[in-house]
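> Just passing along the structure, written as structure tokens.
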Amino acid sequence: MKVGIIGYSRSGKTTIFNSLTGAHAAVGTFGSRDSNVAVLKVPDARVDRLAEIWKPKKKTYAEFQFVDIAPNEAAGEDKALDSAALTALKNVDALVHVVRAFSNEDIMHPLGSVDPLRDAKGLEEELQLCDLIIIERRIERMEKENRKDNEYQVLLQCRAQIESGKSLRSLDLSVQDKRDIAGYGFLSQKPLLLLGNYGEDRIGADDPSGLESHAKETGLTVIAFCGAMEMEVAQLPEADRAAFREDLGLGEESRTRFLQTAYDMLGLMSFLTAGEPEVRAWTIAKNTKAVDAAAVIHSDIARGFIRAEIVNYDHFIAAGSMAKAKEAGHVRLEGKEYIMQDGDIVLFRFNV
Ligand SMILES: Nc1nc2c(ncn2[C@@H]2O[C@H](COP(=O)(O)OP(=O)(O)O)[C@@H](O)[C@H]2O)c(=O)[nH]1
Ligand SMILES: [Mg+2]
């Protein structure tokens, strides 16, 4: 999973990036001009438990990679994205828009005032405009070449959607349609999470910025963060974090909250592999077939797929051992078409 963190200058992108990944990238009143990349390992108690049992050489969690986008000043301060940012974003699976909701007179907002709703709408328009430029250029070329295939028809639909002020995300497209335009990496088609970056005073307040009602209307997901405090806590030694969270009145661990929201929004789940070399969690979309899950590990495993031996984590733990789980009939042999379930422990049999 690759996630792009976007937003206006000094909205707290790098602060959020640090608080999610534990990185120490420079934040500042004048903002950093570097893009940052770091990985968040998805905490998973199931991986820990299986590792206790298998005692593997290696224990690997699922990962989210974050790209913290820093727009170039030359793009104009009132824009959140420039051409370098657009290139960096083309390959991400989802976007997190950090919306500034904290007030601090020493930290200038590029648009002159703190207004979360304006920012949420403004950046959405930027995404749409980027897509529209690509779409129009492409349509023009195709018309010159007299191409009237499905891709062309879908692009016409996309253009109409954006011209009516809506994002491609909410356009109802078939699987084939989506495939035909997948190569463009349209930004307004990517899942978008609005992250309200609130000040310390927000804790406990009720949707003070209107972001939550805006998200409801537009079908987006929103999450509230207190970036500055979260970053402070994330950079403490792990043993001290819980006590600090309590002192500061911060709720649940921000990463946990973020990950739950992201998994829900993106329709993700995890399956597990366990053995002496490695115990590992893998992230896939819900409703993924066994053969496609195999491909996430290695294309050879999917190509030479024979069958999958599967026991669900809960059954395995309840049984106490693999032998007992087998006795109880919880270890099943499944074929390519089997729909993977969250927490499935899988052994793929394959032959290439
Ligand atoms: N008070 C307060 N300040 C914040 C918060 N988040 C970020 N800042 C400050 O805003 C400035 C810009 O933050 P930064 O993360 O560099 O923003 P970026 O330009 O979007 O990457 C820094 O001085 C941060 O300390 C917050 O939640 N509360
Ligand atoms: Mg930054």
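The values are calculated or read from the model by the stated rules, or taken from the named source; none is laboratory data. Just so it is clear, the structure is predicted and the values come from calculations on it, not from any experiment. Note: ideal-geometry Cβ built from the backbone for every residue, glycine included; neighbour counts use all protein chains shown. Ligands, DNA and RNA are stripped out before the accessible areas are found, and what is left, the full protein with its side chains, is counted by its heavy atoms. Shrake-Rupley method; radii C 1.70, N 1.55, O 1.52, S 1.80 Å.
> Restricting attention to segment 208-227, which residues are part of a loop (DSSP other than H, G, I, E, B) and either in contact with a Cys (Cβ under 9 Å, 6 or more places away or on another chain) or within 16 Å of ligand 2 (Cβ to nearest atom) (or both)?
Of everything in segment 208-227, nothing turns out to be part of a loop (DSSP other than H, G, I, E, B) and either in contact with a Cys (Cβ under 9 Å, 6 or more places away or on another chain) or within 16 Å of ligand 2 (Cβ to nearest atom) (or both).
> Out of all the residues in segment 153-176, which are part of a helix (DSSP H, G or I) and surrounded by 18 or more Cβ atoms within 10 Å (Cβ to Cβ)? Spell out how you get there, then give the answer.
First, the residues of segment 153-176 that are part of a helix (DSSP H, G or I): 153-163, 168-170, 175-176.
Scanning segment 153-176 gives Val154, Leu155, Cys158, Gln161, Ile162, Leu168, Arg169.
> Give me the pairs, please: first residue somewhere in segment 123-142 and among the basic types (Lys, Arg), second residue anywhere and in a helix (DSSP H, G or I), beta-carbon distance under 8 Å, and either six or more positions apart or on two chains.
From segment 123-142, the pairs are Arg138/Leu155; Arg138/Tyr184.
For every residue, the table says whether it meets (1) in the same structural domain as Asp115 (by TED's automatic domain parsing); (2) over 19 Å from Leu89 (Cα atoms); (3) β-branched (Val, Ile, Thr).
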| site | (1), (2), (3) |
| --- | --- |
| Cys130 | yes, no, no |
| Lys148 | yes, yes, no |
| Tyr152 | yes, yes, no |
| Ala160 | yes, yes, no |
| Leu168 | yes, no, no |
| Val175 | yes, yes, yes |
| Gly183 | yes, no, no |
| Ser188 | yes, no, no |
| Pro191 | yes, no, no |
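> Restricting to segment 278-287, count the residues that are at pLDDT below 95 and either touching a helix residue (DSSP H, G or I) at 6+ places or on another chain (Cβ under 8 Å) or within 23 Å of Pro43 (Cβ to Cβ) (or both).
Kept after step one, since they are at pLDDT below 95, are these residues of segment 278-287: 283-287.
Retained after the next criterion (residues that are either touching a helix residue (DSSP H, G or I) at 6+ places or on another chain (Cβ under 8 Å) or within 23 Å of Pro43 (Cβ to Cβ) (or both)): 283-286.
Counting residues in segment 278-287 that are at pLDDT below 95 and either touching a helix residue (DSSP H, G or I) at 6+ places or on another chain (Cβ under 8 Å) or within 23 Å of Pro43 (Cβ to Cβ) (or both) gives 4.
> Residues in segment 68-115 that are modelled with pLDDT of 90 or more, within 19 Å of the chain's Cα centre (by Cα) and open to solvent by less than 40 Å² (accessible area, probe 1.4 Å): how many?
The qualifying residues number 9.
> Right, next: I'd like to check something: does segment 277-292 contain any residue that is in contact with a Pro (Cβ under 7 Å, 6 or more places away or on another chain), open to solvent by 20 Å² or more (accessible area, probe 1.4 Å) and either not small (Gly, Ala, Ser) or not in a helix (DSSP H, G or I) (or both)? Walk me through it before giving the result.
As a first pass, look at segment 277-292 and keep what is in contact with a Pro (Cβ under 7 Å, 6 or more places away or on another chain): 277-279.
Adding the requirement that they be open to solvent by 20 Å² or more (accessible area, probe 1.4 Å) leaves 277-278.
After this cut, where a residue has to be either not small (Gly, Ala, Ser) or not in a helix (DSSP H, G or I) (or both) as well, the list is 277-278.
Within segment 277-292, one or more residues are in contact with a Pro (Cβ under 7 Å, 6 or more places away or on another chain), open to solvent by 20 Å² or more (accessible area, probe 1.4 Å) and either not small (Gly, Ala, Ser) or not in a helix (DSSP H, G or I) (or both).
> Further, regarding this structure: Residue under question is Lys121, and the condition is that it be surrounded by fewer than 20 Cβ atoms within 10 Å (Cβ to Cβ) and closer than 30 Å to Asp342 by Cα; does it hold?
In short, no.
> Being loosely packed, with under 14 Cβ neighbours inside 10 Å and within 21 Å of Asn351 (Cβ to Cβ) narrows it down to one residue among Arg303, Arg307; which is it?
Criteria check complete, one pass: Arg303.
> Is it the case, given these coordinates, that Arg332 is of a type outside the set (Phe, Trp, Tyr) and without any contact (Cβ under 8 Å) to a residue 24 or more places away in the chain?
Judged against the criteria, Arg332 is a match.
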